[in-house]
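Report on one structure; see the data block that follows.
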Amino acid sequence: MPSVQKKSAPFLLVVLAFLIVYAVWGSTYFFISKAVAGFPPFFLGAFRFIIAGTLLLGWCIFSGLPVFNKKNIFHAGISGILMLGVGNGIVIWVEQFLPSGLVAIMVSSAAIWFVILDKGKWKENFSNKFTVAGLIIGFLGVILLFWEQLTASFSVQQDSRNVLGMILLIIGPIGWAGGSLYSKYHPAPDSPASVSTAWQMLIAGVLFIPGSIIAGEMNDFQFQNVPESAWWSIAYLIIFGSIVAFSAYVWLLQVRPATQVSTYAYVNPVVAVLLAVFFANEIISIIQITGLVVILASVLLINLSKYKKSPVKAT
């Protein structure tokens, strides 16, 4: 991958961006489960990202930012399709039948894929004992998180959708990590992060439309039948999940190491599980909690050396 020069950023702004990505994205799993109860999954993806992208692009145009650069739009499209079309699209689809807390836990494997797919950092990452130990521990944690679902998949009573959902939740984090790294290593030098974010959401949103048509989602869909909770949930996803948090995430990729930014994947499940347990009456097993603790420990090891070598300087 081509090298990318890390930009300096104010310490407090970096901390705020991390807090937004940690907390807000952790809550989106809960709100996706509420929204998908009223909206078909592909339509939900199209509706959410097209509206969010249009609003953000409109703000960029109003602010006088350069938005119509073909090269930048192309790069934003690739990263947007991988992150939002593949990564987030899979999350939306599987939350039709898998608990949101479990989905968030399974998606936490994305942080491991950040290290594996970041070829330009292989020498640095794999020569570091903390990173290697973190990868091994993280892999064991993912096995624990998947264990009950994997063993249940061999049962004749297991819903075939759950098996498919598990397979997709392996592919989704790979797509998200790949798209994130592509966004990091192919930045728009003359374009703010907000412009790239807007195009990523718009292009990914359009990508959901053929899926909705093929699935025949609009044949029986009626807007008047959508419950109020689904409307509030999609509003939250558009404003906070997409415009606020995704913008913060894309900006963080420009100013911090990818493996540090990827720690969101370990914190999000904590928020998602708490919301699912307290507000959706979902049950998380002891073995899944154990896996979560193990995988949280791995992120500390993966990023330990980076916290020492590349501290954020206050400006």
Count of region 225-234 residues which are touching a helix residue (DSSP H, G or I) at 6+ places or on another chain (Cβ under 9 Å) and part of a helix (DSSP H, G or I) | 6
Wholly within region 39-131, which helices (runs of 4 or more DSSP H) include no fewer than the required count, namely at least 1 residues that are closer than 15 Å to Leu207 by Cβ?
-> 41-62, 70-80, 89-94
Phe279: on the phi < 0 side of the Ramachandran plot and within 20 Å of the chain's Cα centre (by Cα), yes or no?
-> no
Region 169-198, subset open to solvent by 40 Å² or more (accessible area, probe 1.4 Å), out of contact with any Ser or Thr (no Cβ under 7 Å at 6 or more places or on another chain) and in contact (Cβ under 8 Å) with a residue 12 or more places away in the chain, residue farthest from Val103 (Cα to Cα) | Asp190
May I ask you to list the residues in region 269-315 that are open to solvent by 60 Å² or more (accessible area, probe 1.4 Å), in a loop (DSSP other than H, G, I, E, B) and at pLDDT 65 or above?
-> Asn281, Ile283
Residues of region 1-24 satisfying the condition of being open to solvent by 20 Å² or more (accessible area, probe 1.4 Å) and modelled with pLDDT of 85 or more | Leu12, Leu13, Val15, Leu16, Phe18, Leu19, Ile20, Tyr22, Ala23, Val24
Taking region 114-145 and the residues there that are among the polar types (S, T, N, Q) and touching a residue at least 12 places away in the same chain (Cβ under 8 Å), the one that is most open to solvent (accessible area, probe 1.4 Å) would be Asn128
Looking at Ile81, is it at pLDDT 85 or above and among the β-branched types (Val, Ile, Thr)?
-> yes
If we scan region 69-89, do we find a residue that is at positive phi and either surrounded by fewer than 20 Cβ atoms within 10 Å (Cβ to Cβ) or of a type in the set (Lys, Arg) (or both)?
-> no
The number of residues in region 206-224 that are open to solvent by 80 Å² or more (accessible area, probe 1.4 Å), in contact (Cβ under 8 Å) with a residue 40 or more places away in the chain, in a helix (DSSP H, G or I) and under 15 Å from Gly38 (Cα atoms) is 0
Do we have any residue at all in region 107-125 that's acidic (Asp, Glu) and at pLDDT 80 or above?
-> yes
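The values are calculated or read from the model by the stated rules, or taken from the named source; none is laboratory data. If you're wondering where the values come from, they're calculated on a predicted model, not measured in any experiment. Note: ideal-geometry Cβ built from the backbone for every residue, glycine included; neighbour counts use all protein chains shown. Accessible surface is based on the protein model in full, side chains and every heavy atom, while ligands, DNA and RNA are left aside. Shrake-Rupley method; radii C 1.70, N 1.55, O 1.52, S 1.80 Å.
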